[in-house]
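Since the structure comes first, as C-alpha cells, the remarks are kept for the end.
Read-outs: derived from the displayed coordinates by stated rules, not from any lab. Everything quoted here is computed from the prediction, not taken from an experiment. Glycine also receives a Cβ, built like all others from the backbone with ideal geometry; neighbour counts cover every protein chain displayed.
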Amino acid sequence: MPKTTAPLFLARRSYRRRRMMDAARLLPIFGLALWMVPALWQPASSPAPDTARGAIYLFGVWAVLIVAAALLARGLAPTLADEEEPEGGPVVLPHLGGGPFRGAPPSLVPAPETETETTPGPETTPGPETDPETQRTAPPAPLDPSKPGGRG
Amino acid sequence: MPFDLLVAVCLVYVSVLFIVAFAAEGRALRGRANWLRSAPVYTLSLSIYCTAWTFYGAVGYAARSGLEFVTIYLGPTLVLVGWWWALRKLVRIGRAERVTSIADLISSRFGKSNLLGVIVTAMAVLASTPYIALQLQSVTLSFGVFASDTPEGWALPDQGATALWVAGGLALFTILFGTRNLDANERHHGVVTAIALEAVVKLVALLAVGIFVVWGLGGGVSGVLARIDASRLAEWNLDFGRWAGLTFVAGAAVLTLPRMFQVLVVENADERHLATASWAFPLYLLLMSLFVLPIAVVGLERMPAGANPDLFVLTLPLSEGRGMLALLAFLGGFSSATSMVIVASIALATMVSNHVVTPLWLALRWPGRGQAGHLGDVRGLVLMSRRISIGGVLALGYFYYRFSGGTEALAAIGLISFVGTAQILPALLGGIYWRGATHWGAAAGLVGGLAVWLYALFLPSVGEGGLISQAVMTHGPFGLSWLRPQALFGIEGLDPLLHALLWSMSVNVTLFTLGSLVTMPGPMERLQGLAFVNIFDQTTGTGAWGRGTAGAEAEDLLTMSQRILGAQVAQDFFQTQAAAQGKAGFLPDTTPEFLTRLERKLAGSVGAATAHAMIAQVSRGAAVSVQDLIAVAGETLEIKEYSARLEAKSEELARTARALREANDKLTELSIQKDGFLSQISHELRTPMTSIRAFSEILMEPDLPEEMRARYAEIIHEESRRLTRLLDDLLDLSVLENRRAQLNVGVANLHDLISRAAMAASSTRPERAFQIERDFPAEHMAIFTDTDRLVQVFINLISNARKYCDADRAVLRIEVNRRGERVEVDFIDNGSGIPKKSQAVIFEKFARLGDPAGAGGAGLGLAICREIMANLGGSIDYLPGQGGAAFRVSLPLRRRGARVQAAR
C-alpha cells in the first residue's frame, strides 16, 4: 500500500500512452473549436452562397475527427485491457486479503536449513516482507568458519 | 403499391426481427454469445440515437433551416470522440455499481435516494412521451404516403388505428424480449441484436436513397453542389446561439436520454467496445447525415410546393417511380422508429418499476419490521410492473400523439424532448466529478430546471390555446409581463428554444451548485460520492454497511434474494460467498462486505435504492453511519501506518546488516593484516640478526686481519643499529597506536617547523638535485601542537619525496592552506605518483612500493606518520590527481581533546 508513489519518469512506451490519453482528451475540444469557426465567417451576412462550402468544411472536419479518434482508439485499447485485469479478480482489496503475503514464504524454502528459529510461520503475515531481506543480506562469510557454534 | 403488400412486408420484416432476437437469445443462453457482444454490435446498437426523427425529420429540418440540422449530430460526435472524459467513467461506474438506468445512477450516487430516482423517472417519462409519439406519428405518416399514392384510390384506414396497431405490436415485441430476465446486467441480447440489424437496415436505406438522389437525379457531386447553390438553401443563415446551443443540447442528450444511457452504459459488455464506438459511431452519424442536404435540395426542387419536406425520403423515390427504393426507405424509417421505441420503453419501464412501483409496493406490503417471509414474489412483481410500464409508456405516447394532433414538424418535438433530458446533465456530471454534490442540490437543480423547461418550452409546445392560454403567452400570468413563458425577465427576441435552454440550464446549475454548497451530505451519500468520483482508484473501496448490522440473519436474506433473483441464482450466489468466507453450505456470515456485494447483486435487478432499502429492512441494522466512516478511515490509516512502520524496520535491519557486513569484512582484513605483520616483522628482524650472527662468527676466527675485523665490526654495528631503529619504530608505533604517546604540546611557527624538517631531510640522498618550492607568507602561523612529532611527519614526507621522486629535476611543492580552525599542508612532488591500487595500502605497516632493497626502509614511515597525525587530532591522506605523489597533512591549529587524551 505504500507503493502509491507514481514513478516520476516513465519508460518510452508508457510515456507515449500518457500523451495519447492527453490527445484523446484534447480531441473533442479541438473538434468543437473547428466546428464553431463558421460563426466567425458570418455566412448570414456574406452575399455569396455558402451552404455548399460550409457543408464541405463541416464534413471535412468530421472525417478528420473520425480518423484521429480511430487512431487514438487503436493506441489506447491496450491501456483499457491492462486496466481491466485487476477488475476481473475478486472484489477483495489485494492488500487486505492476505494473498500476496501467503505467496512470500516459499521464497524461504530454499533458504539455509540453519536459521530454523527465524523462519516465520504463515500466520505472521506481515513478517515475511522483512525476514527474507535480512536473511539474504546476512554476512555470507562468517567471521570464523571453523567455529562450530550452535548451527546445523 | 397496394397497401396490403406494404402491411405484408412490414409483418415479414417484424417476423425477421423476432427470429433474429429469438436466435440471439438462444445463442446467449447456450453461452455462445461472443459475436453478439462484440464492438460492432455495440456500436450499431448506439444508432438508436438516429430515430425516425433523423430518418425523416432531418431532411425536413434541412429543407427548413439548411445546415443547422447537422448540430444534432455534431454534439454526439464530440461526446463520443471525447469518450476519455466522461463516457469511460460512466461506463466504468455503470459496470462497477450495476446501474440499471440513468435514474438509478443518479439515485445511487446521491446516497441511494429514491426521491431523486422518482424525479429523474418523472422527467424521463415526461420528456420521452412526445418523442415516442413522434415515432408513432412518423410511422403513421409514412403509411399514409403509400396509401394516398395508391392508384386504386385506396382509402387510408383511420390514422389513429394504424398508430394503435403499431404501438400494440411494439409493446408486444418489447415485452417479449425486454422483460425476459430481471438482472439488467445480464442484458438483453435479443433486443440488442435486433436493434443492430435495424441499424444496418436504416443506414442502407438512407444511403440508397441518397445515392439515388445524388447520382440518379442530382447529376453527381458537382451537380448537387451546384443545385445547393441555386436553391433557396444556398444562403447559410447561421445563428451562432442556436448553432452552439443545439450542439450542446445534442451532446447532453446522448449522455442523458434514457435509451442512450441504456445502450451506452447498461448494455455495455466490455469497456474496450467504447474505444471502437468512439470513432465508429461518429462515422455512422456522418454517413446518416451525408445525404440529408442533397435529398432536401433535390426534394425542394422536384416536389410540389405543398409537399411535407419531412417525408422527402419516401416521396422522392415514389414520385420518380422507384417503388422498391421507396419500400426500402419505408423499412428504414420503420426500423428507426421501432428500435427507438423498443429501447426507450425498456429503459423507461425499468425506471418506473425500480423507482416507483417496487418501492410503493414494498411500503404497502411491508410495514415496519416485516419478516422476509411475508414478502411475496418480488420477482414476478417486478417483471409484471415492467410489462405494465412498457404498455403504459407506449399508451402515453399514443395518447400524446392523438391529442397533439400530429401536425407539428418532427424536429421541433425532438428538440423539446432533448432540452428536457438535458436537465439531468448537471446532476450527472456533478455526481461523477464533484464529491461535494449533495442530493438536495441535485433535487433542487432537477426540479428547478424541469419547472422552467415545462413552463417555457413544453407547455407552450402542446399547442395554442392548449394548456397555456394565448393571454398568458403574450401578457404573462396574472398580467405579470416579466413572467411571459417565452420572455422570462423581459428577455425578448431570443429564439424560444434557446431562451428555454438558457434559462432552464442556468436555474438548474445555480440551484444544484448552491444547494450542494449549503447542505450536508449523509454518510451513505459521502460514501457513494467517493466511490463514484474516484472510480478509477480501486483502493478506496469501503462497504456501505456498518458494523451495526451483525444482527442480519443470512437465512432471511437468502429468502428475500430468492424472491428477487430466482431460487437457483440466489442459492448459487450465497454458496459462492460462503465458500469465499471458507464456510460450507448456503449461509455466509453477514459481514459488511457480504452485504455490500449482495446489495450490488440485487441492485442489478431492482435498482440501488430499492436493494438498499430491502437489505436494511431485513437486517434491521442501520446502514453505514458517520462513525463507521471514520472508523473505516481510521483502520485504513492504521494499516498504512503499520506497513510504514514495517518498512522502516526492514530498512533499519538492512542497514544493520550492511554495517555488520562491513565490520566483518574489516575484521577479516585485520586478521589477514595481523598475520602478514607477524611474518613481516619476523622477516625484518631475522635479516639483520642473520648477518650479525654470520659476521660475529667470522670475528671469532683467531687470525683475521685487523682491517677486516674492523670492517666486520662496523657491519655488525650498522646492522644492530638498524635492528634498534626497527625496534624503536615498532615500539613507537605500538605506543602511538594505543594512543598512549606522551605529547609535548607547545606553540611554534609552522614556517619554522617546515624549515626544520627540510633541513633535517636534506641528508637523504644529498647528492640529488632537489628543489623545494614554498610559499613563505602563507606558512607563517602559530600552531599549538606537539611540534617534534609534527616535524617528524614532515621529515618523513620530504625524505620520501627525495627518495622516490623519479623526475629528472625533482621539485617538491609545499602548500599551506588555512581552513577555519584547521590547517592543511600539502606536499606535492612532480614524480609519477603512486598507482591507484597502491594508494590504499601505503599507510599500512611494511608497505613498500617498488624494490624494497633499494629504498632501505622497513616501510613503517607512513604508518607512523598516520598514527602521529591521529594522535595530534589530525590526519594524513594521499591526494590523488596532483600530477605527482601528493600528501595532505591536516591538523587543528589548536589541538583539542588534549584533556580527553590525558584522562585516558
What is the set of long-range amide H partners of B:Val745 at a cut-off below 5 Å, with H atoms built 1.01 Å from backbone N?
-> none
Relative contact order of chain B (C-alpha contacts under 8 Å, at least 6 apart) in percent is 14
If r is the Cβ-Cβ distance from B:Arg819 to B:Ala631 and R0 is 60 Å, what FRET efficiency results, to the nearest 0.05?
-> 0.50
Classify chain B as rounded, prolate or oblate from the Cα gyration tensor: take a ≥ b ≥ c as the square roots of its eigenvalues, call it rounded if a/c is under 1.5, otherwise prolate when a/b beats b/c and oblate if not.
-> prolate
All lysines inside 28 Å of B:Lys583 as judged from Cα atoms, apart from same-chain residues fewer than 8 positions distant = B:Lys601
Which of B:Val356, B:Val200 comes first, and how do the rest follow, when ranked by fewest Cβ neighbours within 10 Å?
-> B:Val200, B:Val356
Provide the gained length on full extension for the span B:Arg302 to B:Ser506, in nm with one decimal, where the gain is 0.36 nm per separating residue minus the Cα-Cα distance.
-> 69.0 nm
Paramagnetic label zone (point 7 Å from Cα along Cα-to-C-beta, B:Leu207; backbone N under 20 Å) in segment A:41-60 = A:59-60
For B:Ala760 and B:Ser38, calculate 0.36 nm times their separation in residues minus their Cα-Cα distance, and state this gained length in nm to one decimal.
-> 250.2 nm
Exposure proxy check on B:Leu790, B:Leu678: fewest-to-most Cβ neighbours within 10 Å is B:Leu678, B:Leu790
Which shape class, rounded, prolate or oblate, goes with segment B:629-732 when its Cα gyration tensor gives a ≥ b ≥ c as root eigenvalues, a/c under 1.5 marks rounded, and past that a/b bigger than b/c marks prolate?
-> prolate
Phi-based couplings in Hz for segment B:385-398 (Karplus 6.51, -1.76, 1.60; Gly and Pro marked x) | 5, 5, 4, 5, 5, 4, x, x, 4, 5, 5, 4, x, 4
Could you give me the ³J(HN,Hα) list for segment B:111-126, computed from phi with Karplus coefficients 6.51, -1.76, 1.60 and θ = phi - 60°, whole Hz, x at Gly and Pro?
-> x, 6, 7, 6, 4, 5, x, 5, 4, 5, 4, 4, 4, 5, 5, 4
Sorting B:Ile413, B:Ile102, B:Ile692 on the 10 Å Cβ count, fewest up front, what's the list?
-> B:Ile692, B:Ile413, B:Ile102
Residue-by-residue Karplus 3J(HN,Hα) for segment B:205-222, coefficients 6.51, -1.76, 1.60, Hz, glycine and proline x = 4, 5, 5, 4, 4, x, 5, 4, 5, 6, 8, x, 10, x, x, x, 5, 5
Note down the nm distance, to one decimal, between modelled labels 7 Å out along Cα→Cβ at B:Asp703 and at B:Lys666.
-> 6.6
Would you please give the residues with an amide H less than 5 Å from that of B:Arg813, counting only those at least 5 places away or on a separate chain, with H modeled from the backbone geometry?
-> B:Glu773, B:Ile828, B:Asp829
Between B:Leu879 and residues 5 or more places away or on another chain, the pairs with built amide H atoms under 5 Å apart involve B:Ala886, B:Phe887, B:Arg888
FRET efficiency (B:Ala648, B:Asp675; Cβ distance; R0 56 Å; to 0.05) is 0.85
Listed highest first by mean packing, meaning other Cβ atoms within 10 Å per residue, what order do A:12-24, B:216-228 come in?
-> B:216-228, A:12-24
B:Glu773 to B:Arg809: extension gain in nm, 0.36 nm per residue of separation minus the Cα-Cα distance?
-> 11.7 nm
Computed label-point distance, nm, for sites A:Ala33 and B:Val518 using a 7 Å Cα→Cβ extension | 3.9
